[in-house]
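Engineer: Sending over a structure as structure tokens; questions will come in a sec.
All of the numbers you see were taken from the coordinates with simple rules; none came from a lab. Note that the coordinates shown come from a computational prediction; the quantities given were computed from them, not determined experimentally. In this analysis, Cβ positions are derived from the backbone assuming ideal geometry, glycine residues included, and neighbour counts consider all displayed protein chains.
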């Protein structure tokens with residue numbers, strides 16, 4: 001196994017769902033033990049952790065016990081820029097495009113701009129699996145989905161062009 005997916009929804013749209021002390025006492029030790037055993041079997045395993053909502057107060061401790069990938073960074077609840085600034089050197093992110101606001105109600109241009117912005121934030125270093133924060137619901141316009149692909153291609157093309165210019169210069 002290359003990736004172990006774990007999760008507990010510990011956040012709501014506006015705040016944490018569970019007291020940090022309660023989580024530290026009851027859930028953190030169990031989660032830590034599962035990760036520890038997985039790493040004994042495969043030291044290279046990536047630990048993917050899912051929780052909806054606002055979970056900033058838990059992220060340091062999730063990293064501490066071995067979480068590598070956080071899913072999602074729900075922009076309706078947490079700022080991707082702030083979360084990345086604080087934890088991006090120690091954590092990768094999976095899905096940052098909002099399924100409650102941006103994808104169903106945003107314009108194609110807004111989706112494209114947000115996609116490129118997320119990729120620029122992570123830079124060449126990476127640490128981002130670009131995509132929606134959750135399942136794509138039927139009300140999401142097709143052009144907003146293709147805007148994600150277009151944004152990734154635009155970013156990649158600009159990156160290649162910049163590298164070529166740097167080599168020539």
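Engineer: Of the listed peptides 69-77, 19-27, what is their order by residue-averaged count of other C-beta atoms within 10 Å, with the highest listed first? Don't skip to the answer; put the middle values down first.
Structural biologist: Working: 69-77: 21.6, 19-27: 12.2.
Per-residue mean Cβ counts within 10 Å order the peptides as 69-77, 19-27.
Engineer: Stick to Cα atoms and the Kirkwood definition of Rh, then tell me Rg/Rh for region 14-169. Walk me through the intermediate numbers first.
Structural biologist: On the way: Rg = 17.6 Å, Rh = 17.1 Å.
The Rg/Rh ratio comes out at 1.03.
Engineer: Helix 108-122: angle to the longest alpha-carbon principal axis of the chain, degrees 0 to 90, nearest 10?
Structural biologist: 60 degrees
Engineer: Further question on the same structure: So how do 118, 90 line up by other beta-carbon neighbours within 10 Å, fewest first?
Structural biologist: Numbers: 118 25, 90 13.
Going from sparsest to densest Cβ surroundings: 90, 118.
Engineer: Find the relative contact order for region 97-169 and round it to a whole percent, using C-alpha pairs within less than 8 Å whose residues are 6+ positions apart.
Structural biologist: 42 percent
Engineer: Ranked by Cβ crowding within 10 angstrom, fewest neighbours first, how are 105, 155 ordered? Intermediate results must be reported in sequence, preceding the final value.
Structural biologist: On the way: 105 13, 155 18.
Placing the least packed residue first, the sequence is 105, 155.
Engineer: In addition: Need one number: nm distance between label points at residue 113 and residue 32, each 7 Å from Cα along Cα→Cβ, rounded to one decimal.
Structural biologist: It works out to 4.4 nm between the two label points.
Engineer: With a/c under 1.5 counting as rounded, go ahead and sort region 97-169 into rounded, prolate or oblate using the C-alpha gyration tensor (a ≥ b ≥ c being the square roots of the eigenvalues; past the cut-off, prolate if a/b is larger than b/c, else oblate).
Structural biologist: Working: a/c = 3.30, a/b = 2.26, b/c = 1.46.
It comes out prolate by the Cα gyration axes.
Engineer: Based on the mean of other beta carbon atoms within 10 Å per residue, what is the order of 61-68, 120-127, 93-100, most packed first?
Structural biologist: Details: 61-68: 17.4, 120-127: 12.5, 93-100: 22.4.
Result, highest mean first: 93-100, 61-68, 120-127.
Engineer: Can I ask one more? Got the relative contact order for the chain handy, in percent, Cα pairs under 8 Å and 6 or more residues apart?
Structural biologist: Details: 249 pairs, mean separation 31.3, N = 169.
Once divided by the residue count of the chain, the mean separation gives 19 percent.
Engineer: Calculate, for residue 143 and residue 1, the FRET efficiency according to 1/(1 + (r/R0)^6) with r their C-beta to C-beta distance and R0 45 Å; round to the nearest 0.05.
Structural biologist: On the way: r = 37 Å, r/R0 = 0.82.
The value I calculate is 0.75.
Engineer: Taking Cα atoms, how many degrees apart are the long axis of helix 142-168 and the longest axis of the chain, rounded to 10 and kept between 0 and 90?
Structural biologist: In the chain, helix 142-168 runs at an angle near 70 degrees to the longest axis.
Engineer: Give me the number: length gained by fully extending residue 160 to residue 19, i.e. 0.36 nm times residue separation minus the C-alpha to C-alpha distance, one decimal in nm. Walk me through the numbers on the way to the answer.
Structural biologist: On the way: separation 141, 0.36 × 141 = 50.76 nm, distance 4.62 nm.
Extending this stretch completely gives an extra 46.1 nm.
Engineer: Going by how many other beta carbons lie within 10 Å of each one, how would you line up 154, 9, fewest first? Don't jump to the answer; show the numbers that get you there.
Structural biologist: Working: 154 15, 9 12.
Ranking 154, 9 by Cβ neighbours within 10 Å, fewest first, gives 9, 154.
Engineer: Taking the chain as the reference, fit the longest principal axis to its C-alpha atoms, fit the long axis of helix 28-41 to the helix C-alpha atoms, and give the angle between the two in degrees, 0 to 90, nearest 10.
Structural biologist: It is inclined by approximately 70 degrees.
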